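Chemist: Take a look at this one; I'll ask things after.
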Amino acid sequence: MAERATLEELVRLQGERVRGLKQQKASAEQIEEEVAKLLKLKAQLGPDEGKQKFVLKTPKGTRDYSPRQMAIREKVFDVIISCFKRHGAEVIDTPVFELKETLTGKYGEDSKLIYDLKDQGGELLSLRYDLTVPFARYLAMNKLTNIKRYHIAKVYRRDNPAMTRGRYREFYQCDFDIAGQFDPMIPDAECLKIMCEILSSLQIGDFLVKVNDRRILDGMFAICGVPDSKFRTICSSVDKLDKVSWEEVKNEMVGEKGLTPEVADHIGDYVQQHGGVSLVEQLLQDPKLSQNKQALEGLEDLKLLFEYLTLFGIADKISFDLSLARGLDYYTGVIYEAVLLQTPVRPGEEPLGVGSVAAGGRYDGLVGMFDPKGRKVPCVGLSIGVERIFSIVEQRLEALEEKVRTTETQVLVASAQKRLLEERLKLVSELWDAGIKAELLYKKNPKLLNQLQYCEEAGIPLVAIIGEQELKDGVIKLRSVASREEVDVRREDLVEEIKRRTSPALCIC
């Protein structure tokens, strides 16, 4: 039996080695060699008669969350939700799956990532890919023309996950959207303000918000000579510029998507530019781009947007970036994406973007796709990339070796002597009824030292100690776990004293 356990452990370790080599993209020969060793070990192991093999694991691209991780998530959500509410948003919810036809044709090349559910003889269903398309369906179905809403829920993508970078197949999205006919760029500016407020409050590092406009992109493609039918697929190529070089993007445009090198070079002259309102003004003077009606509308709106962003005090966080394309088909106007910046290695270098943490844009035609009469409801919104933010916050707290409280208990009801369980139960019940977060140990006669150690481990700030003398005097001994100071508090004043000493603080560290 011991020999079998040793072999099983060797198989497990060799399996991990093979998986590690695959992730590192090692040479085929090296992987084959290690796989052969794994198969040899498995052959030695032989069949395990009478025991069904069952691997306990979460599905690919998903994970469990420990109490510590959930405590971090809740605090991040608190920051995000309080900002959404501060801006007057209502909350809605929609089903986790939609009719397949609701989601079809809304995501461009990303449609292949939609999870289709098995046909069980009823409706054809798919898991939601994002929260925006269900929101548009909700507006059209309920004939709503005006709402400011937020929605926090899980979405599903049949992606190749990179979980170390906060990318999963099942993950939360935090969306805020403004639907309705309003004057240009005012709701769009508020969405960018919200994005900056949240990222600043979370204190996850310096960030930059890239903005562009789909009308500028489409106008640019038109004057560069891209056929109408290829606008969206070329958009997807341009969208990769934050991850790969211009040469690779150009090769894809020419080799895979059939553009001529001249047209690709012409696009390259534009999409490698970025700056502030001065670049908008420069392009308004561009002899070709300014003659395109769509591009001109987009540039004039961006100029107005920068005016509002200056009034909101966030213009220094915004960069007009012509390479920003956002691959989703439903965007029609302003688009934006927030990236975290890596500190430059050498003075004078530009900060590097290390990944998107929020994104959004204007989508004026999506609701009309669902309305029987094609009535449009203009919409603009944003989505906070909470999974990546969770990963960053977790890594930061681990690096600082910071303790994270996983409960909100304010006080532990303890006893200093034996045979006081009934008194502890009475007191903890009084505290619960008064709205105090309280606990007690589930033992009849716990040692005082064990009760105090529990408080230290769980981060409980106060201990309410009952003893025979305290019962006679009508008081409770209230002990501060941090300072170890003890004071006698009259029983009727205990609730107020606990409230006075404990007040929740909204921070993520």
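The values are calculated or read from the model by the stated rules, or taken from the named source; none is laboratory data. Treat the numbers as computed from the prediction; the structure is a model and nothing was measured. Cβ atoms come from the backbone with ideal geometry, glycine included; neighbour counts cover every protein chain shown. What goes into the accessible areas is simple: the full protein's heavy atoms, side chains included, and nothing from ligands, DNA or RNA. Shrake-Rupley method; radii C 1.70, N 1.55, O 1.52, S 1.80 Å.
Chemist: Using a 1.4 Å probe on the protein heavy atoms, what percent of the accessible area of region 150-269 belongs to carbon and sulfur?
Modeler: Values: 2230 of 4870 Å².
That fraction is 46 percent.
Chemist: Over all directions, what mean area does the Cα convex hull of region 422-509 project, stated in square nanometres?
Modeler: With every direction weighted equally, the projected area is 6.3 nm².
Chemist: Moving to a separate point now. Cα centroids of region 220-263 and region 357-394: how far apart, whole angstrom?
Modeler: 25 Å
Chemist: Further question on the same structure: Sum -39500 (n - 2.57) across every DSSP H segment of at least 4 residues in the chain, then divide by the residue count to get the 222 nm mean residue ellipticity, nearest 500. The partial results should precede the final answer.
Modeler: Values: 18 runs with 211 residues, N = 509.
Value at 222 nm, helices only: -13000 deg cm²/dmol.
Chemist: Where Rh is the Kirkwood radius over the Cα pairs of region 141-211, the temperature 4 °C and the viscosity 1.567 mPa s, what D in µm²/s does Stokes-Einstein return? Present the calculation step by step, with values, prior to reporting the outcome.
Modeler: Values: Rh = 15.0 Å.
In µm²/s, the coefficient is 86.
Chemist: Could you sort 194-205, 59-70 so that the peptide with the highest average Cβ count within 10 Å comes first and the rest follow in order? Could the numbers behind the result be given before it?
Modeler: Details: 194-205: 19.8, 59-70: 12.2.
Taking the mean over residues of other Cβ atoms within 10 Å, the ranking is 194-205, 59-70.
Chemist: Let me ask something else about it. Which number comes out as Rg/Rh for the chain once both Rg and the Kirkwood Rh are worked out on C-alpha atoms? Don't skip to the answer; put the middle values down first.
Modeler: Values: Rg = 29.2 Å, Rh = 27.4 Å.
Rg/Rh for the chain comes to 1.07.
Chemist: Can you list the equivalent-ellipsoid semi-axes of region 360-455, largest first and in whole Å, using the square root of 5 times each Cα gyration tensor eigenvalue? If you can, show how the numbers build up before the last one.
Modeler: Numbers: eigenvalues 568, 96, 14 Å².
For region 360-455, the semi-axes come out at 53, 22, 8 Å.
Chemist: Of the peptides 112-118, 218-224, 128-134, how do they stack up when ordered by the mean number of other Cβ atoms within 10 Å, highest first?
Modeler: Descending mean neighbour count gives 128-134, 218-224, 112-118.
Chemist: Same structure, new question: Each label point is 7 Å from the Cα along the Cα-to-Cβ direction; what then is the distance between the points at residue 100 and residue 450, in nm?
Modeler: A separation of 5.9 nm, rounded to one decimal place.
Chemist: Could you tally up the Lys pairs in region 174-320 with alpha carbons closer than 21 Å? Skip any pair fewer than 8 positions apart unless they're on separate chains.
Modeler: Lysine pairs meeting the criterion: 19.
Chemist: With a cap of 14 neighbouring Cβ atoms within 10 Å, and only residues DSSP puts in a loop, list the trypsin sites (Lys or Arg not before Pro) found in region 167-228.
Modeler: Details: sites: 167, 169, 193, 210, 214, 215; in loops: 167, 169.
Nothing satisfies the criteria.
Chemist: Next question, about the same structure. Cα axis of helix 186-202 to longest principal axis of the chain: angle in degrees, 0 to 90, nearest 10?
Modeler: 40 degrees
Chemist: Separate question: What percentages, rounded to whole numbers, describe P(r) for region 125-247 computed over all alpha carbon pairs with 5 Å bin width beginning at zero?
Modeler: All Cα pairs, binned at 5 Å, distribute as 2, 7, 12, 14, 20, 21, 16, 7, 2, 0 percent.
Chemist: Pairs of lysines 8 or more apart, or on different chains, with alpha carbons under 18 Å: count those in region 352-509, would you?
Modeler: 15
Chemist: Give the accessible surface of the chain per residue, rounded to a whole number of Å², with probe radius 1.4 Å and ligands, DNA and RNA excluded.
Modeler: Values: 27420 Å² over 509 residues.
Result: 54 Å² per residue.
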